[in-house]
Structure formats: C-alpha cells, structure tokens
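The values are calculated or read from the model by the stated rules, or taken from the named source; none is laboratory data. Being a predicted model, the structure only gives us computed values, none of them experimental. Positions of Cβ are generated from backbone atoms using ideal geometry, with glycine treated the same way; all protein chains shown enter the neighbour counts. With ligands, DNA and RNA removed, areas are computed over all heavy atoms of the protein, side chains included. Shrake-Rupley method; radii C 1.70, N 1.55, O 1.52, S 1.80 Å.
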Protein chains: 2
Amino acid sequence: MIDKTLSEREQIREAGLKVTHPRMRILRLLEESEQIHLSAEEVYRILIETNEEIGLATVYRVLTQFEQSGILKRHNFETGHSVFELDRGEHHDHLLCIKCGAVEEFHDEQIESLQYKVSEAHNFKTIDHSLTIYGHCKSCQV
Amino acid sequence: MIDKTLSEREQIREAGLKVTHPRMRILRLLEESEQIHLSAEEVYRILIETNEEIGLATVYRVLTQFEQSGILKRHNFETGHSVFELDRGEHHDHLLCIKCGAVEEFHDEQIESLQYKVSEAHNFKTIDHSLTIYGHCKSCQV
DNA sequence: TACGCAAACGATAACGATTATCAATTGTTT
DNA sequence: AAACAATTGATAATCGTTATCGTTTGCGTA
C-alpha cells in the first residue's frame, strides 16, 4: 500500500517545486474531492471553508504550476473559466450537460485514430486535442 | 445573382432585429473579411480603422445577437477570448496552430457518427460538440 | 540545530475581455 | 411627420486571472 502523503510530496518534488503547505493542501484536495473538475475559485473556496489558510493568488499560481508539470490537466469548456483535474495519464474526452453541468468522461480509440489521420492529412503535427460533446444528460431530458 | 445588400438586410430582419447601421457594418465585415475568425475587438478595430462609426459595446452586443439567431458561430479556443465566424450551416471542426495561430477547418463524417454513438451510449442528447486539434501547422514545424 | 537565501506566499493592484447602465439617438409603424 | 420602443455608445462595473512586492518559509549547509 502506498503512503498517500509521501506520494504527494514526491509528485511535488518531481515537479521541481518546493513542498509547501499550500501545494500540499491543493494537491490533497484534488485527490480527495469527489468532484473531478475544480476551478481555481472552487479550490480556494473549499480550502477557506475547511479553515485551511491559503491565498487566491497562490491557488492560481499553484494550479498553473501543477498543470505545467503534468500533475493536472486544464480544461476550458464554454464556461468562461478554467477547470482542473488530476492528470492520470489516460487521455479522455468529455460529455457535458448544459443544463446541470454534469460531466462524463469517455475515451474512444477509433475517434482518436481518426483525428490523427485528419491531422496528418493536413500536415499538422498534433500536440493536443479536445473534444467536448454538449447536450442534455439522461436526468435532464424532458 | 443575389443582391448581397438585400440578403444582409433580410438576414437581420429574419433574426427579428432592426436593420441598423452597426448591424449592417458588422455583418458586411464578417462576410467580406478574408479572415474566417474575428474577435469582438478585431471587428471593432477594423471598423474604426475604416472610419466606420461604432461602439465597442455595440460590437459585443450585436455579435451575441447574431450568434443567438444563428447568423454566427462562436468559438472558444484556448485564447481567452471568443472568436466568431459566419454560420454557413456546414458543421466543421478545427485544426489550430499554437505557434502562428493559423486555423484550418475540416469535417469528418466518420468522427461525427462515432461521436453520436458515444453520446447515445451515455444516454446523452447531443446538442452541439466541438473538436479542436492543437498542434503545429506545416510551416511552423522545425 | 541554527543560518542564510532563494523560492514561495498572500494581500492587493492591475489587467483584459465582457456585460450593465442609461441618457441620447434612430428605425419602424401609424 | 409623429410617436415610441428598440438601439446605440460612452463609460462604469464585473469577472476571471495575472503582476507586484514586502513578508515568510522550506531546505541545503555549516
């Protein structure tokens, strides 16, 4: 069994960052939250509400650092603000309910390879791609 | 041959909007620009530079109205601001060069139908979807 | 274990994109 | 042409995010 605390320290270290309280708090929150996607404001609000000391600027800074070091993935849906989720290595796309905001993840190897083909056909060197399907989830359909 | 001016008037009328100078100027610009995607600021700047009177607030308002009435499509890439293009009815996706900003469009029926399948499998009722491939275009590769 | 210093923090100012406000102007309908 | 609601545009306000900068802290070293 892996010591979670240790692994968090290591992740931060491997990112070339000092292990500080704010960073530990933020990473722990992301790992323990049931919500997959968290915005900076949400991370800040949740930590403040649980009486963890943190500054909003730090939250933004740390989330960006975590993103750059591959700990987190940033998503820009059509909401006007970024949301973050742990990057567990497995690429996936999203189904987003525009009524209740629910997010589901999916991965379709066929779509992936077709995208790659398209990219090649246009002489593009793919670095990343994002596919989001907007609609109504089961519980939001009339 | 269709009278372009007339068709612009009609488009605006059909959207349930009064035919005003700012609306005509904006629609005409979108139709005549070689650039497919224009941001609100760009539309404003271009009109001001060509000595057309317009206010920035009006540009934002009109672009949103045009989007809501189906005249325009809004895209939110990872740039931090929206861009707009004429909605010619044919859905397409985008290849975006993260170096020079170039945008290419593509349409792949196979990907479309696979997306639909995924959506069904998750009991989602698809309303819209966006697929963007980020990478380096031919001229930006080393 | 204490020291020193770069790295990191956090309060707050600044920023860029967008929206709200509201008095003045303009399209359309009569 | 009058009437009146819709529209405009200058500007203030808002929102998410980034920059500033004096203070604090992690951590390698003595």
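Identify all residues within region A:99-108 that are at the interface with chain B (Cβ under 10 Å from one of its Cβ atoms) and exposed (fewer than 12 other Cβ atoms within 10 Å of the Cβ); write none if there are none.
A:HIS107
Only one residue in B:THR20, B:THR58, B:THR50 is of a type in the set (Ser, Thr, Tyr), within 14 Å of DNA strand C (Cβ to nearest atom) and free of Cβ contacts under 8 Å to residues at least 12 places away in the same chain. Which one?
Testing whether each residue is of a type in the set (Ser, Thr, Tyr), within 14 Å of DNA strand C (Cβ to nearest atom) and free of Cβ contacts under 8 Å to residues at least 12 places away in the same chain leaves just B:THR20.
Report yes if A:PHE106 is more than 16 Å from DNA strand D (Cβ to nearest atom) and over 16 Å from A:ALA15 (Cβ atoms), otherwise no.
yes
Out of everything in region A:33-43 that is part of a loop (DSSP other than H, G, I, E, B) and in contact with a strand residue (DSSP E or B) (Cβ under 6 Å, 6 or more places away or on another chain), what residue ends up being least open to solvent (accessible area, probe 1.4 Å)?
Residue satisfying both the conditions and the ranking: A:HIS37.
Which residue is farthest from the chain's Cα centre (by Cα), if the candidates are limited to region B:56-98 and must be at the interface with chain A (Cβ under 10 Å from one of its Cβ atoms) and acidic (Asp, Glu)?
B:GLU78
Given the conditions (1) over 29 Å from A:GLY101 (Cβ atoms); (2) more than 9 Å from chain A (Cβ to nearest Cβ), which single one is not true for B:GLU120?
Result: B:GLU120 fails condition (1) only.
Is it true that A:VAL142 is surrounded by fewer than 15 Cβ atoms within 10 Å (Cβ to Cβ) and at the interface with another protein chain (Cβ under 10 Å from one of its Cβ atoms)?
Spelling it out, A:VAL142 is indeed surrounded by fewer than 15 Cβ atoms within 10 Å (Cβ to Cβ) and at the interface with another protein chain (Cβ under 10 Å from one of its Cβ atoms).
Here is a yes/no grid of residues against (1) basic (Lys, Arg); (2) part of a helix (DSSP H, G or I):
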{"position": "B:SER7", "(1), (2)": "no, yes"}
{"position": "B:ARG25", "(1), (2)": "yes, yes"}
{"position": "B:LEU30", "(1), (2)": "no, yes"}
{"position": "B:ILE48", "(1), (2)": "no, yes"}
{"position": "B:ALA57", "(1), (2)": "no, yes"}
{"position": "B:THR64", "(1), (2)": "no, yes"}
{"position": "B:GLU67", "(1), (2)": "no, yes"}
{"position": "B:GLU85", "(1), (2)": "no, no"}
{"position": "B:ARG88", "(1), (2)": "yes, no"}
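Would a scan of region A:88-95 turn up a residue that is within 26 Å of B:THR79 (Cβ to Cβ) and at pLDDT below 95?
Yes.
Of these, A:ILE54, A:ILE46, A:ILE26, which one is under 24 Å from A:VAL103 (Cβ atoms) and open to solvent by less than 30 Å² (accessible area, probe 1.4 Å)?
Just a single option satisfies the conditions, and that option is A:ILE26.
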